1. Within segment 19-28, is even one residue among the hydroxyl-bearing types (Ser, Thr, Tyr), modelled with pLDDT under 95 and over 23 Å from LEU179 (Cα atoms)?
2. Take segment 76-100 and flag every residue that is at pLDDT below 90 and more than 18 Å from THR41 (Cβ to Cβ).
3. Test ARG119 against the criterion of being buried (at least 18 other Cβ atoms within 10 Å of the Cβ), within 13 Å of ALA175 (Cβ to Cβ), in contact with a helix residue (DSSP H, G or I) (Cβ under 9 Å, 6 or more places away or on another chain) and charged (D, E, K, R), and give yes or no.
4. So, of the residues in segment 62-82 that are of a type in the set (A, V, I, L, M) and buried (at least 17 other Cβ atoms within 10 Å of the Cβ), which turns out to be farthest from TYR184 (Cα to Cα)?
5. Here is a list: ILE100, ILE151, ILE187, ILE158. Which entry is touching a residue at least 40 places away in the same chain (Cβ under 8 Å), farther than 22 Å from HIS31 by Cα and either crowded, with 17+ Cβ neighbours inside 10 Å or among the aromatic types (Phe, Trp, Tyr) (or both)?
6. Check LYS85 against each of (1) among the basic types (Lys, Arg); (2) surrounded by fewer than 18 Cβ atoms within 10 Å (Cβ to Cβ); (3) closer than 20 Å to GLY51 by Cβ and name the one condition it does not meet.
7. So is ILE133 of a type in the set (A, V, I, L, M, F, W, C), modelled with pLDDT of 95 or more, closer than 29 Å to PHE167 by Cβ and within 13 Å of the chain's Cα centre (by Cα) or not?
8. Wholly within segment 148-193, which strands (runs of 3 or more DSSP E) include no fewer than the required count, namely at least 2 residues that are closer than 23 Å to ALA48 by Cα?
Amino acid sequence: MAPGYKHRSIATNPVGSGHLAGPFFYGRSMHPLEFRENLRTTIEPTVAQLGFELVAVEVLGGAGGRTMRVSIDGPSGVGADDCAKVSRHLGLVLDEADPIQGSYRLEVSSPGLERPVQRLEDFERFSGYTAKIRLVEGPPRRRYTGALAGIDGTEVKISVDGKDYQFPVEEIEHARLVLTLDEYAAIGASRSGPESGDDDDQ
């Protein structure tokens, strides 16, 4: 297995205060996917400055407790110390930006075997890999499991049991790769990320 992919590293950090009532960003309610993209815009510059790639950001849980899960990757993989470092920096950014009303837990981790996929370019990058996709509410069928087949403009293509489907990326609520250990190692071996940023962790 490739260096940096021996385990899924996680660091957690409590952020905010009070009680989280729902998806709020800067005090206004918004659609969960818009909410997610605004979170990416808020935290991605810091992740990149530290020399890592922001793979995905997800907000999980209900009123009883929310978790903001941030998945990162790097040119040499991601270890526990990397996750802890990014978590500390993002904690400061999120405290200042205050994107979510109430308290939540920040969790920074490496992607793992079920690597989340959110960016259009990543659906193209992982063409040929098996993925599970769940669409937003509305279509009669929301769940698809099959081989990613690239993109067509801003639409994602997937082949399921020999039949091809495609849908706009903004209609994808959730997507994850389903990797074998060999595929996981191959992604690690072929990874190319941003140059390492400032190592001074102040």
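The values are calculated or read from the model by the stated rules, or taken from the named source; none is laboratory data. Given the structure is predicted, the values throughout are model-derived calculations rather than measurements. We place every Cβ from the backbone using ideal geometry, glycine too, and count neighbours over all the protein chains shown.
1. Our first condition is that a residue be among the hydroxyl-bearing types (Ser, Thr, Tyr); within segment 19-28, this holds for 26.
The next check asks that each one be modelled with pLDDT under 95; those that pass are 26.
With the extra rule that they be over 23 Å from LEU179 (Cα atoms), the set shrinks to 26.
Yes, segment 19-28 has at least one match.
2. SER76, GLY77
3. Against the criterion (buried (at least 18 other Cβ atoms within 10 Å of the Cβ), within 13 Å of ALA175 (Cβ to Cβ), in contact with a helix residue (DSSP H, G or I) (Cβ under 9 Å, 6 or more places away or on another chain) and charged (D, E, K, R)), ARG119 does not qualify.
4. If we filter segment 62-82 for residues that are of a type in the set (A, V, I, L, M), which is where we start, we get 63, 68, 70, 72, 78, 80.
Cutting the leftovers down to buried (at least 17 other Cβ atoms within 10 Å of the Cβ) gives us 68, 70, 72, 78.
Values: MET68: 24, VAL70: 19, ILE72: 15, VAL78: 13 Å.
Only one residue tops the list, namely MET68.
5. Numbers: ILE100 fails: farther than 22 Å from HIS31 by Cα; ILE151 fails: touching a residue at least 40 places away in the same chain (Cβ under 8 Å); ILE158 fails: touching a residue at least 40 places away in the same chain (Cβ under 8 Å).
Unique residue meeting the criteria: ILE187.
6. If we test LYS85 against (1) among the basic types (Lys, Arg); (2) surrounded by fewer than 18 Cβ atoms within 10 Å (Cβ to Cβ); (3) closer than 20 Å to GLY51 by Cβ, just (2) comes out false.
7. Values: of a type in the set (A, V, I, L, M, F, W, C): yes; modelled with pLDDT of 95 or more: yes; closer than 29 Å to PHE167 by Cβ: yes; within 13 Å of the chain's Cα centre (by Cα): no.
Answer is no for this residue.
8. On the way: elements: 155-160, 163-168, 172-177.
Output list reads 172-177.
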